[in-house]
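**Student:** Take a look at the following structure, please.
The values are calculated or read from the model by the stated rules, or taken from the named source; none is laboratory data. Keep in mind that what you see is a predicted model, and the values were worked out from it rather than measured. Virtual Cβ from ideal backbone geometry, glycine too; neighbours counted across all protein chains shown. Side chains included, ligands, DNA and RNA excluded: accessible areas come from the protein's heavy atoms. Shrake-Rupley method; radii C 1.70, N 1.55, O 1.52, S 1.80 Å.
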Amino acid sequence: MISIATKQTNPFGVIVSKEISDTVKSWKFIIMVALVLLTCMGSLYAALDDFSAAIKGGSADDDFFFLKLYTHSNGTLPSFLVFISFLGPLLGISMGFDSINTEQNKGTLSRLLAQPIYRDYILNAKFLAALTILSYLFIGLSLQVLGFGLIFIGIPPTTDELMRIIIFSIVNIIYVGFWLNLSILFSVKFRQAATSALAGISVWLFFTIFYSMIVNLIAKGLAPVRFISENQMVSFQRFVQNLMRFNPGQLFNDVTTTLLRPSVRSLGPLTTEQTIGAIPNPLPLGQSLMLVWPQVVALIGGTLMFFAIAYTIFMRREIRSR
């Protein structure tokens, strides 16, 4: 019976389980979890410390108490949303920069492929295992903030708030998966783990710091110097904003800001005619999702693109024993 059960075991599931077990037991994962928990608790404290003032601002979001736990801060520490947007790419890069090249440098990759295992099982299992761990981590963080908020506020969240928090957690996983696939691509492309890690961090720094500077320089150079109409100015602002949306961080900020702040009714500039008569009420969840659906599709498309490139390179690479 044991031999029959062993033969019927799916090799892909075994590889995924082994990857998850090795990652959870590693010091890299322990340090990562400790860092994320500390920052999460710090942002939660900053939100709860000034929470009474946050719900007295007179805005359209005052009825969404639980959503303010993710966006509000007393000024001493960034909010939970800011921490996630900053640490998410670093977590994704740290989980994938050494996934393939370390196995190849140790010689374990060729021995693994010598077994009756399909080559694509390895790459797929690496990605699925890392994404599973990150998914549990981000869902746990969101539930932790929700639990502490329930204890502090004393009232349960509404259905709309709960659905927005769940979708926010899913968007976090998609965003981290984008950077995870990018780091796996660099791990397949470069032989040394240090090189792939440096490449991933360089791309993250470029989009975090330098990309907005470049777009501002382009906008300053193309800005009209003469008097133009309001519609022309709105078109120019939309052009600049579309350039900014090549930055994955900007896409993530657009999505999360719209989900966690229902009062956001537009992500672009509006003319005077469009603002006249607008009722400053929060948008329903369905309308908020329609507003950010292009950004979500762009993040998913970028994730699939990096995975397809890494898959193609890995399947065509010749792997020899050391």
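**Student:** Step through the residues of region 300-305 one at a time and calculate ³J(HN,Hα) from phi using the Karplus curve (6.51 cos²θ - 1.76 cosθ + 1.60, θ = phi - 60°), rounding each to whole Hz and writing x for Gly and Pro.
**Tutor:** 5, x, x, 4, 5, 5
**Student:** For the chain, build the charge dipole from Cβ charges (+1 Lys, Arg; -1 Asp, Glu) around the Cα centre, then report which of I153, W204, L217 sits farthest towards its positive end.
**Tutor:** W204
**Student:** In addition: What residue among L260, L91, L289 has the largest mean-square fluctuation in a Gaussian network model of the chain, using Cα springs under 10 Å?
**Tutor:** It is L289.
**Student:** Percent relative contact order of the chain, based on C-alpha pairs within less than 8 angstrom and at least six residues apart? Walk me through the numbers on the way to the answer.
**Tutor:** Numbers: 337 pairs, mean separation 74.1, N = 322.
Relative contact order here is 23 percent.
**Student:** Multiply the residue gap between I155 and N105 by 0.36 nm, knock off their C-alpha separation, and tell me the result in nm, one decimal place. Don't jump to the answer; show the numbers that get you there.
**Tutor:** Working: separation 50, 0.36 × 50 = 18.00 nm, distance 5.44 nm.
Answer, rounded to one decimal: 12.6 nm.
**Student:** Can I ask one more? How large a share of the accessible area of region 2-316, in percent, is made up of carbon and sulfur atoms when the probe is 1.4 Å and the other protein chains stay in place?
**Tutor:** Working: 11190 of 16420 Å².
Of all accessible area on region 2-316, carbon and sulfur atoms account for 68 percent.
**Student:** Continuing with this model, one more query. Please name whichever of Y136, S17, S266 sits farthest to the positive end of the charge dipole of region 2-316, dipole taken about the Cα centre and charges placed at Cβ: Lys and Arg +1, Asp and Glu -1.
**Tutor:** S17
**Student:** Distance between the C-alpha centers of region 186-260 and region 149-165? Whole Å please.
**Tutor:** Value for the Cα centre distance between the two parts: 33 Å.
**Student:** Just to be sure I understand: with springs between alpha-carbon atoms less than 10 Å apart, which residue in F29, F80, F97 has the highest mean-square fluctuation in the Gaussian network model of the chain?
**Tutor:** F29
**Student:** Multiply the residue gap between I214 and Q287 by 0.36 nm, knock off their C-alpha separation, and tell me the result in nm, one decimal place.
**Tutor:** Values: separation 73, 0.36 × 73 = 26.28 nm, distance 3.25 nm.
The span from I214 to Q287 would gain 23.0 nm if fully extended.
**Student:** Could you go through region 87-101 in sequence order and give the Karplus-derived ³J(HN,Hα) for each residue, using 6.51 cos²θ - 1.76 cosθ + 1.60 with θ = phi - 60°, rounded to whole Hz, and x for Gly and Pro?
**Tutor:** So the Karplus estimates, Gly and Pro as x, are 7, x, x, 5, 5, x, 5, 5, 7, x, 5, 10, 6, 10, 5 Hz.
**Student:** Using the Cα centre of the chain as origin and beta-carbon charges of +1 (Lys, Arg) and -1 (Asp, Glu), tell me which of N105, L90, N247 is placed farthest towards the positive end of the dipole.
**Tutor:** With unit charges placed on the Cβ atoms, the residue in question is N105.
**Student:** Related question: Magnitude of the Cβ-charge dipole of the chain, K/R +1 and D/E -1, about the Cα centre, nearest 20 debye?
**Tutor:** For the chain, the charge dipole is close to 1400 debye.
**Student:** Please go through the residue pairs K28/K189; K25/K189; K68/K126 and name each one whose alpha carbons sit more than 31 Å apart in this structure. Each step should come with its number before you reach the end.
**Tutor:** Numbers: K28/K189 22 Å; K25/K189 27 Å; K68/K126 36 Å.
From K28/K189; K25/K189; K68/K126, over 31 Å: K68/K126.
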